[in-house]
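Step one of this worksheet: look at the structure below.
The values are calculated or read from the model by the stated rules, or taken from the named source; none is laboratory data. Keep in mind it's a predicted model, so treat the numbers as computed, not measured. Here the Cβ is made from the backbone with ideal geometry for all residues, glycine too, and neighbour counts use every protein chain on show. All accessible areas refer to the heavy atoms of the entire protein, side chains included, with ligands and DNA or RNA removed. Shrake-Rupley method; radii C 1.70, N 1.55, O 1.52, S 1.80 Å.
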Amino acid sequence: MQWLTIGQMAKLNQVSEQTLRLYDKKGLLSPCKRGDDNQYRYYDIKQSAILDMIQYMKSLGMNLRDIKTQLDNKDLDYLVNVLHQKQQQIQEQIEALKVQRRAVERTLESFERYRSAPPDGTIVLEYIGKRQMYCIDTHQNFYDQGIEAYEGILRELRNRLSQDKLPQIYFCNAGTIWRQKDLMAKRFYSTEVFVFVDREFVEPELITVIPPGNYLCIYCDNFYKEKEYALRLLEKIEQEGYIICGDYLCETIAELPVIGSGERGMFIKLQIPVKFQQKAM
């Protein structure tokens, strides 16, 4: 019989000597023969079959402990059970990566919208397609309070997202709703906060659909300007003879890096759904 040194065995099977030493230490694959001083390891080429099996089970995602158990016991049921668990783990990792990919996409979309948005104070009429939102009622009127209360409201939103098992990627760019009846009366009263979501990751019963339509919008670069700018929108609607046909949304386009102020920096888009007066025949 021709013995293979550890170097020869490693090269023949395209693994490192360190890998073979680890397998020896873990009891997965030990040399057939050792030198008198235990420094030299010698292998039989037939042991390559065991090495192939170890590498194959590793490629399935099994850890060395499970591989050793399988090699020791040769229990097919055990192997099947381990692989079923691994299959479930892989599926969960795939889903987590999908969510992470969507988080990156949403962030890039937000910054692109910010970069291409018109200047602060610009009023535009826009058609906006159908959107899906997750919304909660905090029972606190935002307009009676400052940024500190708003931060507390965001903590409540985060907790509710967790309770409803929504991905935390949605805890960004939160907006508020000013219901139509209060909007028409110019009564600043809003207790609801929302985030836009994707159907792929959110249960249908948690989604509120915002229908497509025309929105009169104004862009705003400061949290404290919202009331003033909302009144500008209402004035413009009166001037143009538009009809308000839904709830006002204050959507955060992007949350900007904070420098010096110690407060959340936001670029927001105030929007009111409108329809046109029918022309007389």
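Under the simplified labelling scheme, the Ser48-Met184 pair shows an inter-label distance of 8.4 nm, with each label point 7 Å from Cα along Cα→Cβ. Excluding same-chain neighbours fewer than eight residues apart, the lysines reachable from Lys236 by a Cα-Cα span under 16 Å are Lys186, Lys227, Lys269, Lys275. Cα gyration tensor of segment 147-196, axes a ≥ b ≥ c as square roots of the eigenvalues: rounded (a/c below 1.5), prolate (a/b > b/c) or oblate? Prolate, because a/c is 1.5 or more and a/b exceeds b/c.
Nonpolar atom fraction for the chain, defined as the carbon and sulfur part of the 1.4 Å probe accessible area, stands at 51 percent. When Phe142, Phe111, Phe194 are compared by accessible area of protein heavy atoms, the largest-first order is Phe111, Phe142, Phe194, using a 1.4 Å probe. Amide H contacts of Ile253 (H built 1.01 Å from N, in plane; Pro and chain starts excluded): Phe267, Ile268, Lys269 sit under 5 Å, all sequence-distant by 5 or more or on other chains. How would you classify segment 43-89 from its alpha-carbon gyration tensor, with a ≥ b ≥ c the square roots of the eigenvalues: rounded for a/c under 1.5, else prolate if a/b is greater than b/c, otherwise oblate? Note, shape of segment 43-89 comes out prolate. Checking [x] 20.4; [y] 25.3; [z] 18.9 against the coordinates, the calculated mean projected area of the Cα convex hull in nm² falls under label [y].
Given +1 at the Cβ of Lys and Arg, -1 at the Cβ of Asp and Glu and no other charges, the dipole of the chain around its Cα centre is 720 debye to the nearest 20. Bridging of Lys86 to lysines at a Cα separation below 26 Å is possible for Lys25, Lys26, Lys58, Lys68, Lys74, Lys98, Lys165, once same-chain residues fewer than 8 apart are set aside. Using the 1.4 Å probe convention, the accessible area of the chain works out to 60 Å² per residue with neighbouring protein chains retained.
Largest GNM mean-square fluctuation among Arg199, Arg179, Arg34, using the chain with Cα springs under 10 Å: Arg34. Could you tell me which of rounded, prolate or oblate describes segment 157-281, using a ≥ b ≥ c as the square roots of the eigenvalues of the alpha-carbon gyration tensor, with rounded for a/c under 1.5 and, failing that, prolate when a/b is larger than b/c and oblate otherwise? The shape class here is oblate. Here the simple spin-label model places points 7 Å from the Cα toward Cβ, and for Gln100 and Lys225 these points are separated by 3.8 nm. Of the residues Glu238, Glu126, Glu226, the one with the largest accessible area comes first in the ranking Glu238, Glu126, Glu226, computed with a 1.4 Å probe on protein heavy atoms.
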